[in-house]
Every structure is written in C-alpha cells, then in structure tokens.
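Take a look at the structure below.
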C-alpha cells in the first residue's frame, strides 16, 4: 500500500483518472504476487512434509512420543522464507506471510505429529502474544511522548 501511494504521489503530469487506475493496478499486482508467493511456499512446504514424512520423522526406539525438530524447523522457517522472498522481489511480505500461514494451517498441520503440532501452536501463540504486547506498549508510549522538556507530571505519567 505504501509503495502504491508513493508511486501515485511521484507521478506528475498524469490525469487523476489515469493515476487512480495505475494505483489500483499496482496495488492488485503487488497483492496477487504476494498471494502467489505465500501460497507457493506453503504448498511446497506441505508437500515436503507429506511426501518426506517418514524420512523427516526421527526413529524412537523406546516408542515414546517426541517432538520432531525437523518438522518444527520447517514449519518455522517457511513463513520467514515466504516473507523474505516477497520482500526481496519488492512485493508485500505481510500479505505473503498471511496467506502462507493460512495454507500451512490447512494442509501442513494435519501431516505433523501430535506433539509437534501442539508445540508449533504454542510457539505461534506465544510469539503472537509477545508481538501484540510490544505493539501496544509502543502505542502507549507514543501517547505520552512529547518533543520537548518533560515536566515532573509527565515523567510520573510515563512510569505509571
């Protein structure tokens, strides 16, 4: 969205209708490209987990349920790879990681072992909570931030 707005602001000497059309076309191109990259990475990851599951799965001679490190690594690295590929091409990494997560939850999660699925769910929930808390903390800090000398009351408000 930012790239689309900046492109429309830079274009001078173009009629507003043409500018609007070009902005919409640019937005759709970025969105569809990011969507395609996210889906492609997620489908490839799902295929990899399903096809090579006996190879990836570690043998457990004591027949205890263990968490498979390879499955966890693949499930954590694939959304990051999707984001990096989209950003590297100049598309939206957020859209790419969003659709990668949708596809992974539908197709890849059912091929994971129960313990791994439970751990992945816990890891994603914990990281989401940490990121959400950080965003709200920054929003709260920006509400009381001023560009000047702080009064005594302002400093107390910040600590409260």
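Brief remarks on what is shown
- Flag for residue 119 being surrounded by 14 or more Cβ atoms within 10 Å (Cβ to Cβ), at pLDDT 75 or above and not in a helix (DSSP H, G or I): no
- Only residues that are buried (at least 20 other Cβ atoms within 10 Å of the Cβ) and assigned to a loop (DSSP other than H, G, I, E, B) were counted across segment 85-99, and they come to 2.
- Residue within segment 100-108 that is in a helix (DSSP H, G or I), in contact with a helix residue (DSSP H, G or I) (Cβ under 6 Å, 6 or more places away or on another chain), modelled with pLDDT under 90 and within 21 Å of residue 70 (Cβ to Cβ) present: yes
The values are calculated or read from the model by the stated rules, or taken from the named source; none is laboratory data. A quick note: this is a predicted structure, and the numbers were derived from the prediction, not measured. Virtual Cβ from ideal backbone geometry, glycine too; neighbours counted across all protein chains shown.
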